[in-house]
There are 2 protein chains.
Amino acid sequence: MTEAPEYPVEERLHGDLPLTDADAAAASIDADATLLTSGFGSVGYPKAIPLALAEDNRDLSLTLVSSGKVGEEIDVDLMAADAVDRRMSYQSSEVARELTARREVAFSDRNASSLGDDVQYGGVVDPDVAVVEAVAVGEGWFVPSTSLGQVPAFVDAADRLYVELNRHQPLALQSLHDVYRPEAPPNRGPIPLAGPGDRIGDRHVSFDPEKLAGVVETDSADATYTFRDPTDDDLAIAANLRNFLRGEMARSSVFDEALTLQFGVGSLGNALMGELADLDVGDRDLIYFGELVQDGLLDLLDDGRLTAASATSLALTDEGQQRLFEHAERYAEDVVLRPADVSNHPGLIDRFGVVAVNSAVEVDIYGNVNSTHVAGERMLNGVGGSADFNRNALVTVCALPSTLNGGEISRIVPMSFHVDHTEHDVDVFVTEQGVADVRGRSPVERAELIVENCAHPSFAPELRAYLDDVCEREHHIPHDVERAAEWFE
Amino acid sequence: MTEAPEYPVEERLHGDLPLTDADAAAASIDADATLLTSGFGSVGYPKAIPLALAEDNRDLSLTLVSSGKVGEEIDVDLMAADAVDRRMSYQSSEVARELTARREVAFSDRNASSLGDDVQYGGVVDPDVAVVEAVAVGEGWFVPSTSLGQVPAFVDAADRLYVELNRHQPLALQSLHDVYRPEAPPNRGPIPLAGPGDRIGDRHVSFDPEKLAGVVETDSADATYTFRDPTDDDLAIAANLRNFLRGEMARSSVFDEALTLQFGVGSLGNALMGELADLDVGDRDLIYFGELVQDGLLDLLDDGRLTAASATSLALTDEGQQRLFEHAERYAEDVVLRPADVSNHPGLIDRFGVVAVNSAVEVDIYGNVNSTHVAGERMLNGVGGSADFNRNALVTVCALPSTLNGGEISRIVPMSFHVDHTEHDVDVFVTEQGVADVRGRSPVERAELIVENCAHPSFAPELRAYLDDVCEREHHIPHDVERAAEWFE
């Protein structure tokens, strides 16, 4: 193995590399191969080889593994080409949803933090080829682009490696990365990270040079996120959340030094990040230890209000990407990108005392949370890292609008028919209506608080009537399953 | 604070201690106090003060927090005395179940690993008094008895402390303990434990001597477990599990050095531990990293087949306790008792590459696991540590008989109406019928494997018919909720 690069890496290509093109790379991949790709938060995924596979004339039956959201080259073009038989662990396009619903693609959904181990040691797939995007590559190392995800584990697990060298992504991204590789169990040491903003690894991913099957040069942009402007509901949720956070800072000295937050992906999460500007944290450090850096954090970073931001992906809009790309070194003073088995690690979320704020498709009155399946049946995207944070945070908040479709449908229901986060995990529910702090409450007490404080007035009476009626039953968590099912008709 | 004791501790009482009796202690506790008690796995709980509270003439409305199963003095006598209004996080008696079902006691169920943080930092209760059992006590320290659970966190969180010095429990128990206290977030360091059998802490729990309200001397046995003899089904499950474990050892080099297992509580878990004697692990270390040491492990320890056993409780029968008590120092060469925030720590379960084996009340065809509520409504005991291991293990096995009540009821159902472990967490299902390895499988594929390999022949055709019918629906996880509900009628 050659030596690691000297920083800063100033050239894109280093040493004697097997340059090739996407068609040749695609042709070398077995029709039924298991592909592990980079990509998380809709950025940093490979683009050319998936497109070439989409146009391949063979009858492909690929197994496709990515640790987070990828762009349209994979999630639309490759999926629509009927080339993928099996997929994990996140999807986000209409075509992917349809194929999953028709069960033409066997979709398996895992938690973001553990997918690397699942793939490398856990036997969930038999990996063949890793396909990753990079901004620079040498003999035995590459510098990833806009996300890390489970790339280091995927590269270690796969027999062969293709690197897409994307000249559209700036070399300056190297300054953000901190690539730490946990050892293999059972002799895995603790992750030696002292704080959310610290660095313990390299700016590059190392690999066995024997694995490198080819380097494909590309020049194309990520299919970035678009966020809607914050709605009135978003702003009301943000205000309720700020009130709750103020109360937490007053409640416990555990927050005296720092308030460390995580926010889930999406327009609401992005809006909540932005609205933190109005939260007075006093002398405390305000820290972000999450999975994604979204646009909402950039103003806080520019204003010096955020001490550190740790994530595995720059899930930004086009505008946000441009803003970050132009000043990557400056942002790197506070922003660190880590592999997802570090950014989302249960032990680190625990150690840093994170307050986690994630959204949901719906919650039921007893506090069970569904973040993946509409009406319990129709897969949307995937569980992602929400369970990593919801389970391991010191305080877990589920923030969501009380309704959807312009108020037609209640997101608070009598019973969720798909549960991603159990009644044991969530501490506080926040909607535009108010806050239900259910810590230490029994299921029926939780139901009373959630209906009273969080449900929309259009639905609260009906939920209340349901609760009153089922409480005639002498059980810890009384149900009327048929009546609960009617909510979805 | 006085100095820590010198080991071995040879006297029960050290220094100038406020000796008192149980009635006086009970009388000093406010009628609406929040009590944090020791006790886990039915052992090591306080006995005299709870009994005195049960006989208290005042109208008590206590909040009672224990991290695991406690004995009848609490779970029967104190509960039946109508003295407890609110309880977390585990219960196991008929009277406790009835009070919970009638919602005369507000029962809140949390994961065992996080309850200490929940109580100390997370705001789930406002702690007043800790009541713990010890085998020796001094000014600022005590040596716990047969379990640790979340005792160190409880003692730190409470304003006052009562110690029950139980002369029935041998002083030699000190040799088993390893009390490590994680720092407070956000500056909590990683737990510096190199391997499951290592020691990083003290044999005693430290406390602020100002907190010590009294020491009550007692002499009474734990209300230990009783296990039934292994049934034919237990033995068939054990044989199927051994086959699976053999396959895992062949599958991945991650198990080349050691096979590290965890087993859940109960007669089945105890039987599975015992039946490990027939598993040939070759040159590997066989290691137990779990929550409870049950009788099934003692033979393996005696035969030198187990390199190390780490747990938070000696959940033994009377006979097992006697066996261990007589040779505590010898067992301490291999057995380590840790606080539950170490024994069940997500980061350690991850680092040691644990294969977790837990049972369930029922599983549904899609792989959701219910371990707490009969028919989704009736609370049995509590989630305990099962979620800690199911979520964080490298490979997660759910092992259970396919039926209960002599074959009358299927434990595999179309839909679980209470979910403690989601479809994202369990890798393999094992019943006496066979093994369903669902890793990397979609929900419908999982259903096919579970029905085919694990369901009892008396129920498999009906489950298969349900699956075939719902698969007419074009969804990722198709349901027919009403029909699924009929299974519970």
Could you tell me the distance between the Cα centroids of region B:200-262 and region B:435-483, to the nearest Å? 33
Along the dipole axis of chain A (charges at Cβ: +1 for Lys and Arg, -1 for Asp and Glu; origin at the Cα centre), the most positive-end residue among A:A271, A:P182, A:P18 is A:P182
Using only atoms on other chains, find how many Cβ atoms lie within 10 Å of each Cβ of peptide A:287-296 and report the average. 0
List the distances, in nm to one decimal, from the label point of B:E11 to the label points of the same position in every other copy, shortest first, placing each label point 7 Å from Cα along the Cα-to-Cβ direction. 7.7
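Rounded to the nearest 0.05, what FRET efficiency do B:D85 and A:D30 give with R0 = 56 Å and r taken as the Cβ-Cβ distance? Could you check? Could you put the intermediate results ahead of the total?
Numbers: r = 64 Å, r/R0 = 1.14.
E between B:D85 and A:D30, to the nearest 0.05, is 0.30.
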Would you please give the FRET efficiency between A:D21 and A:R284, computed as 1/(1 + (r/R0)^6) with r the Cβ-Cβ distance and R0 = 56 Å, to the nearest 0.05? 0.60
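Quick check on chain B: of the DSSP beta bridges with both residues there, what percent are antiparallel, nearest 5%? Before the final figure, lay out the partial values.
Numbers: 19 of 71 bridges.
Around 25 percent antiparallel, to the nearest 5.
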Bin width 10 Å, alpha-carbon pairs only: give the P(r) of region A:194-324 as whole percents, running from 0 to the bin holding the largest distance. 11, 35, 31, 15, 6, 2
In Å³ and rounded to a whole number, note down the convex hull volume per residue for the Cα atoms of region A:338-415. 102
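Summing Lys, Arg as +1 and Asp, Glu as -1, what charge do residues with Cβ under 12 Å from the Cβ of A:L279 carry, A:L279 excluded? Numbers along the way, then the final one.
On the way: positive: A:R242, A:R246, A:R284, A:R305; negative: A:E248, A:E275, A:D278, A:D280.
So the surrounding residues net to 0.
What order do you get for A:21-27, B:436-442, B:345-351, B:299-305 when each peptide is scored by the mean count of other beta carbon atoms within 10 Å, highest first? Show your work: numbers first, answer last.
On the way: A:21-27: 18.3, B:436-442: 22.9, B:345-351: 25.4, B:299-305: 14.4.
Descending mean neighbour count gives B:345-351, B:436-442, A:21-27, B:299-305.
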Charge sum, other residues only, whose C-beta stays under 13 Å from A:P209's C-beta, Lys/Arg counted +1 and Asp/Glu -1: -3
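What whole-number value in Å² describes the accessible area per residue of region A:226-357 for a 1.4 Å probe?
Working: 4420 Å² over 132 residues.
Dividing the accessible area of region A:226-357 by its residue count gives 33 Å².
Can you tally the net charge around A:F289? Count Lys and Arg as +1, Asp and Glu as -1, for every other residue whose Cβ sits under 12 Å from the Cβ of A:F289.
Details: positive: A:R338, A:R351; negative: A:D198, A:D285, A:E291, A:D350, A:D388.
So the surrounding residues net to -3.
Using only C-alpha atoms and all pairs of different ones, pull out the Kirkwood radius for chain B in Å with one decimal. Mind showing how you got there, number by number?
Values: mean 1/r = 0.0433 Å⁻¹.
For chain B, inverting the mean 1/r across all distinct Cα pairs yields 23.1 Å.
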With N residues in region B:36-76, Rg(alpha-carbon) / (2.2 N^0.38 Å) equals 1.12
Label A:D126 and B:D219 with points 7 Å out from Cα along Cα→Cβ: what is the distance between them in nm? 6.6
Amide N proximity, region A:457-489 versus A:I409 label position 7 Å along Cα-to-Cβ, cut-off under 13 Å: A:487-489
Could you state how much accessible area A:R473 has, in square angstrom rounded to the nearest 10, with a 1.4 Å probe and all protein chains kept in place? 100
Name the residues of region B:168-198 whose accessible area, probed at 1.4 Å, falls by at least 50 Å² once all protein chains are in place instead of their chain on its own? B:P185, B:P186, B:R188, B:P190
Shape call, region A:100-174: gyration tensor on alpha carbons, a/c limit 1.5: prolate
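Can you give the calculated 222 nm mean residue ellipticity of the protein assembly as shown, where each DSSP H run of n ≥ 4 adds -39,500 (n - 2.57) and the sum is split over every residue, rounded to the nearest 500 deg cm²/dmol? List each step's numbers first, then the result.
On the way: 32 runs with 258 residues, N = 978.
After summing the helix terms and dividing by the residues of the protein assembly as shown, the value is -7000 deg cm²/dmol.
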Here the alpha-carbon Rg of region B:144-241 over 2.2 N^0.38 Å rounds to 1.47
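Quick check on region B:427-489: take the gyration tensor over C-alpha atoms, sort the square-rooted eigenvalues as a ≥ b ≥ c, and tell me if it's rounded (a/c under 1.5), prolate or oblate.
On the way: a/c = 2.14, a/b = 1.22, b/c = 1.76.
It is oblate, given that a/c is not under 1.5 and a/b is not larger than b/c.
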Rounded to two decimals, the Debye log10 I(q)/I(0) of region B:232-488 (Cα scatterers, no solvent) at q = 0.07, 0.10, 0.14, 0.17 Å⁻¹ is -0.24, -0.49, -0.92, -1.29
Give the nm distances, rounded to one decimal, from B:T231 to the matching residue in every other copy, measuring between label points 7 Å along Cα toward the beta carbon; shortest first. 5.1
Cα→Cβ-extended label distance, 7 Å offset, between A:D59 and A:E210, nm: 3.5
Order A:R242, B:R199 by their accessible area, 1.4 angstrom probe, all chains in place, largest first. B:R199, A:R242
Test of understanding: what is the full-extension gain from B:E474 to B:Q322, defined as 0.36 nm times their sequence separation minus their Cα-Cα distance? 48.8 nm
In the full protein assembly as shown, how much of B:L13 is accessible to a 1.4 Å probe, in Å² to the nearest 10? 60
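Output the antiparallel fraction of DSSP beta bridges having both residues in region B:19-218, as a percent to the nearest 5. The partial results should precede the final answer.
Numbers: 8 of 34 bridges.
DSSP beta bridges in region B:19-218 are roughly 25 percent antiparallel.
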Mind listing the label-point distances from A:G406 to the same position on all other copies, shortest first, one decimal in nm, points 7 Å along Cα→Cβ? 6.1
Ignoring everything but the protein chains, give the 1.4 Å probe accessible area of A:S458 in square angstrom, nearest 10. 70
I want the antiparallel fraction of DSSP beta bridges within the protein assembly as shown, as a percent rounded to 5. 25
Take region B:19-218, compute every pairwise Cα distance, and split them into 10 Å bins from 0; I just need the percent in each bin. 9, 38, 37, 14, 2, 0
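Compute for the protein assembly as shown: radius of gyration divided by Kirkwood radius, i.e. Rg/Rh, restricted to C-alpha atoms, rounded to two decimals. All intermediate terms of the calculation are to be shown ahead of the outcome.
On the way: Rg = 27.4 Å, Rh = 28.6 Å.
Using only Cα positions, Rg/Rh for the protein assembly as shown is 0.96.
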Quick one: Cα centre-to-centre distance for region B:76-96 and region A:295-312, in angstrom? 48
What nm distance separates the two modelled labels at B:D303 and A:D303, each placed 7 Å from Cα along Cα→Cβ? 6.7
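The values are calculated or read from the model by the stated rules, or taken from the named source; none is laboratory data. Just so it is clear, the structure is predicted and the values come from calculations on it, not from any experiment. All Cβ positions, even for glycine, are placed from backbone atoms using ideal geometry, and neighbour counts span all protein chains on display. Ligands, DNA and RNA are stripped out before the accessible areas are found, and what is left, the full protein with its side chains, is counted by its heavy atoms. Shrake-Rupley method; radii C 1.70, N 1.55, O 1.52, S 1.80 Å.
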